[in-house]
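So the structure is just underneath, and the comments pick up after that.
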Amino acid sequence: MTYFRHNIEQMSGYVPGEQLIGTNIIKINSNENPYPPSPLVLAALRNLDGELLRRYPEPMAGRFRTAVSAALDLPSDWIIVGNGSDELLGVITRACTSPQRQIVCPMPTYVLYRTLAQIQDAEFVEIPYDDNYNLPLEEIIAANGAVTFIASPHSPSGTVVPLDLLDKLAAQLQSILVIDEAYVDFAAEDALELAKKHNNVIILRTLSKGYSLAGIRLGFAVANPALIAGLMKVKDSYNVDAIACIVGVAALQDQAHKNANAEKIKTSRATLASELQKLNFDVCPSQANFLLARSPHGNAEYLYHSLKTRGILVRYFPQPRLEDKLRITVGTDEQNAQLVKALAEIMGGM
């Protein structure tokens, strides 16, 4: 006997990266920022008014929404705030899909997209990227899903989709195009203007990566007000807590801190890519805070387990086209050096 819907009973569920705790753990598996958040964030926490905890938070996360509006120079009715951008992915899926309304994704990609489709019992149409993660534009257009998810910078490769292709895709689709920009703070450009140009485009952002705030779960989406109004009907009444909003406002007010950390990560990313290539890894050109690296002997799972025994966590995906690769978050220079040293020792002993 089961109490669940058939699709829930059959699905596996999303498996997040390991969250092992320990002072000797080098955790470079979940694309967290290795640097602390802005001092303004910590000051906001120290000065938190306990009265905020007694009351329900603002239903629309008003103060944070206003801060996003100021940072992006957009009217606030173009913005919806979520308990992480993952919640907003769920809101979009619930609002726009059903068993008769499919989701389209170029694959491989962020596996939560498939999980959300399974929860909704919506058909999930997978269109393969080529080996260089070029967007299969015409195939996506032909699939004509109710929602199309494009991660750019892409996860797990870190590559970006050129803006002219995203522009063409938005113009050709007669349905929702979600451009997931979780890693945009480490990229050379963003697609925000496409939300202003096309009524069917939703841009997703998060404070988890660039702002070093993965622990508070805070994200937002940008789209034309008609789309935002529809999504507002689906979100939970008080979906973002008061503490997250206060912290998020402080983070947005210190763009210099976020940008300085992003520049450090981009510099470290280039160095780490070069060191991995010296070990004969094939490394994707990344504009995110991680690298996707193919091991020279195709033994990524062995390397993953061997690194774990040394207290170094990276991400391994046991799925087609990724089973020979590791996704490695860019850590501090010291963490990256320890990773490279460990890989050299492991591979030297094979």
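The simple Förster model, with R0 at 41 Å and r as the Cβ-Cβ distance, assigns K341 and S76 a FRET efficiency of 0.25.
Annotation: for a label point projected 7 angstrom from Cα along Cα→Cβ of E123, residues of the stretch 133-163 with backbone N closer than 12 Å are 143-146. The trypsin sites (Lys or Arg not before Pro) of the stretch 43-82 meeting both criteria, a DSSP state outside H, G, I, E and B (loop) and at most 10 other C-beta atoms within 10 angstrom of the site's C-beta, are R55. For trypsin sites (Lys or Arg not before Pro), the sites in the stretch 204-302 that DSSP calls loop and that have at most 10 other Cβ atoms within 10 Å are K233.
Short-range pairs are left out: with C-alpha atoms under 8 Å and at least six residues apart, the relative contact order of the chain is 23 percent.
Approximating the spin labels as points 7 Å out from Cα along Cα→Cβ, the E334-to-L279 distance works out to 2.0 nm. For A229 and Q172, a Förster radius of 35 Å and the Cβ-Cβ distance give a FRET efficiency of 0.90, rounded to the nearest 0.05.
Listed values for the stretch 115-123 are Karplus-derived 3J(HN,Hα) couplings in whole Hz (6.51 cos²θ - 1.76 cosθ + 1.60, θ = phi - 60°), namely 4, 5, 5, 5, 4, 7, 6, 9, 5, and x replaces Gly and Pro.
Is the stretch 173-235 rounded, prolate or oblate when judged by the Cα gyration tensor, a ≥ b ≥ c being the square roots of its eigenvalues, rounded requiring a/c under 1.5 and prolate requiring a/b larger than b/c? Mind showing how you got there, number by number?
Details: a/c = 2.83, a/b = 1.37, b/c = 2.06.
Because a/c hits 1.5 or more and a/b fails to exceed b/c, the stretch 173-235 counts as oblate.
Note: relative contact order over the stretch 60-215, using C-alpha pairs below 8 Å and six or more positions apart, is 18 percent.
The distance between label points at L45 and D236 comes to 2.1 nm (points 7 Å beyond Cα on the Cα→Cβ vector). Karplus-based coupling profile of the stretch 224-234, in residue order and whole Hz: 5, x, 5, 5, 4, 4, x, 5, 4, 5, 9, with θ = phi - 60° in 6.51 cos²θ - 1.76 cosθ + 1.60 and x standing for Gly or Pro. May I ask you to list the lysines whose Cα is less than 24 Å away from that of K278, ignoring any residue fewer than eight positions away on the same chain? Within the straight-line limit of under 24 Å, K278 reaches these lysines: K27, K264, K266, K308, K325, K341. Determine the shape class of the chain: with a ≥ b ≥ c the square roots of the Cα gyration tensor eigenvalues, call it rounded for a/c under 1.5, and otherwise prolate if a/b is greater than b/c, oblate otherwise. Oblate. If you plug the beta carbon distance of Q255 and H305 into 1/(1 + (r/R0)^6) with R0 = 51 Å, you get a FRET efficiency near 0.80. Helix content alone sets the calculated 222 nm mean residue ellipticity of the chain: runs of n ≥ 4 DSSP H residues at -39500 (n - 2.57) each, divided across all residues, give -12000 deg cm²/dmol.
For the stretch 141-281, carbon and sulfur atoms together expose 50% of the accessible surface, with a 1.4 angstrom probe and every protein chain in place. Between N7 and D164, the distance separating the two model label sites (each 7 Å from Cα on the Cα→Cβ line) works out to 3.8 nm.
The values are calculated or read from the model by the stated rules, or taken from the named source; none is laboratory data. Source: prediction; values computed, not measured. Ideal geometry is used to build each Cβ from the backbone, glycine not excepted, and the neighbour counts take in all protein chains shown. Areas reflect the complete protein model, heavy atoms only, side chains present, ligands, DNA and RNA absent. Shrake-Rupley method; radii C 1.70, N 1.55, O 1.52, S 1.80 Å.
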